[in-house]
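Accompanying notes for the structure given below.
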Amino acid sequence: MKKIYEKPILIKQTMGMINKFQSGFNDQGMTEIDGVKIKDIVEKFGSPVFVFSERELRKTIRSYVQAFKAYYPNVVFAWSYKTNYLGAICSILHSEGCLAEVVSEFEYQKAKRLGVPGHKIIFNGPCKRSEILEVAAADGAMINIDHFDEIFRLEEIAAKRNKKIDVGLRINLDSGVYPQWSRFGFNLENGQALTMVKRLVKNKKLNLVGVHCHMGTFMLSTKAYQISAEKLLQFAATLKEEYKITLEYINLGGGFPSRNRLKGIYLPPDFSVPPVQDFAKMIGQTLHEKTNPHYMPTVYFESGRAVVDDSGYLITSIVGSKRLVDGKKAYILDAGVNLMVTPQWYDIPVKVGVDFKGPVEDSILYGPLCMNIDVIRDFVRLPPLSAGTPLIFHPVGAYCVTFWMQFIEYRPNIILITENNEIEVIRRKETLDDVIGNEQVPERLKKFKL
């Protein structure tokens, strides 16, 4: 075949200092995932394609459970559906003992369809309509109230059923991390949370059995969890002393970071992200110091990103390349921000899916969308690559397949590599029928002439 000619161009390359924190592009290609060759995956399932590792997912959730139970035995993990609601992923985590944590009617119904009993569902979120609240109340779900209007709805449901409903109260507080997540729940420091407790006690229709707090996402501060745990336990003590309320559970939410590279942080994840043992130790020691053998409430965690992110890969392929006006090398991929919205916040690591040779240079990675915002990596150092070369983004297990959208391109196959290195399709590639299945074209518009 005739070789492709590219006009020579001189570009100043800023190599940077190679040290223990940063060494440029990782020149080790990635040719397989869990023993399955990238080449074979692309040939059979096409490109792009999402790949999940069952082995990695199970290993991660087991490490979290083990780390926390070592310090406080009465710990229960719930799986955050909004992070990744693929049925296969949820089922794996439920088989590992995780409850379901949902924030909408859709997620609640999905958990029930997968076989999760209602009383094993934690129901959070700011938009719980009366219809689904009635179902959740009948199921005995753990409903954490987010705002005052939810109290009205639940009291109406309790009056209709002529039966008290067990509820939790979502609380926001100052944990030393700013900006403070004050949108959800009732504030602790200004007395709003305690006022809501007084309201519940006075009306006697709802039975307060727990408190919930989720401080934020990708939390790098172990101290923040210590502060949050201390404040919730002190709040529980106040309820016990003043209102004779003994809380059954304290929910510390999620927010633990994955080993992804957050934009704006200089250090790589190996140095910037605390290991799970650090979080477990800080929280566990606080729980032991602030509780006694006669009162050890169940402590729930709703970790999502930290559990699933490392198990997810996106294989995409180069469809073309060009030189931009400033001389930078640009590659066009067959996967864009329609499949990965997370590059807005993370410089997701990328590896070449074949063995390669050649010097690296500053490059930019675009997706296939006809939109200028479709940028996957605005800066990455890559060797010369030809069309058809696969690139692997990892970790991408969190939020990609819940934030993704059918825009311009079909959504691709998703496969699971089992612990036995076998491949199972857990979501097939979309077709035109899938996309237009819910559309209705009025009869008067069906006939036209061009």
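Every number in this text was worked out from the coordinates using simple rules, so none of it is lab data. Source: prediction; values computed, not measured. Methodologically, a virtual Cβ is constructed for each residue, glycine included, from the backbone with ideal geometry; neighbour enumeration extends over all protein chains shown.
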- Message: For Cα extents along the principal axes in Å, pick the label among [x] 56, 53, 45; [y] 78, 48, 40; [z] 83, 67, 43 that corresponds to the value derived from the coordinates.
- Response: [z]
- Query: Among 202-210, 56-64, how do they line up from the highest to the lowest mean number of other beta-carbon atoms within 10 Å?
  - Reply: 56-64, 202-210
- Item | Linear extension gain, Glu131 paired with Val425, 0.36 nm per residue minus alpha-carbon span | 102.4 nm
- Task: For the range 68-80, take each phi angle, set θ = phi - 60°, evaluate the Karplus expression 6.51 cos²θ - 1.76 cosθ + 1.60, and give the result in whole Hz per residue in order, putting x for glycine and proline.
- Result: 6, 5, 5, 9, 8, x, 8, 10, 10, 9, 10, 8, 7
- Message: Can you tell me which aspartates and glutamates have their Cα less than 20 Å from the Cα of Lys37? Leave out same-chain residues fewer than eight positions away.
- Response: Asp27, Glu54, Glu56, Asp310, Asp334, Asp355, Glu419, Glu422, Glu424
- Counting pairs on different chains as well as pairs 8 or more places apart, how many Lys pairs in the range 57-113 have Cα atoms under 24 Å apart? 4
- Query: Label 7 Å along Cα→Cβ of Leu114; the range 29-61 residues with amide nitrogen under 20 Å?
  - Reply: 50-61
- Query: Can you work out ³J(HN,Hα) from phi for every residue in the range 362-371, in order, using Karplus 6.51 cos²θ - 1.76 cosθ + 1.60 and θ = phi - 60°, giving whole Hz and x for Gly and Pro?
  - Reply: 4, 9, 10, 10, 9, x, x, 6, 8, 9
- List the relative contact order of the chain as a percent without decimals, with contacts defined as Cα pairs under 8 Å and 6+ residues apart. 20 percent
- Message: In whole Hz and in residue order, list the ³J(HN,Hα) couplings for the range 106-111 that follow from phi through the Karplus curve 6.51 cos²θ - 1.76 cosθ + 1.60, θ = phi - 60°; x for Gly and Pro.
- Response: 4, 5, 4, 5, 5, 4
- Query: When all C-alpha to C-alpha distances in the range 124-303 are sorted into bins of 5 Å, what percent of pairs does each bin hold, rounded to whole numbers?
  - Reply: 1, 8, 17, 19, 18, 15, 10, 7, 4, 2, 0, 0
- Task: Set the Förster radius R0 to 45 Å, insert the Cβ-Cβ distance between Glu189 and Ser95 as r into 1/(1 + (r/R0)^6), and round the FRET efficiency to 0.05.
- Result: 0.65
- Query: At what distance in nm do the modelled label points of Asn438 and Ser272 sit from each other, each positioned 7 Å from its Cα along Cα→Cβ?
  - Reply: 3.7 nm
- Under 21 Å from Lys39, Cα to Cα: lysines that are on another chain or at least 8 residues apart: Lys351, Lys357, Lys429
- Query: Which order, highest average first, do 223-232, 285-294 follow once you tally other Cβ atoms within 10 Å for each residue and take the mean per peptide?
  - Reply: 223-232, 285-294
- Links exceeding 19 Å between C-alpha atoms in this model, out of Lys231/Lys290; Lys198/Lys223; Lys128/Lys240; Lys7/Lys329, come to Lys198/Lys223; Lys128/Lys240
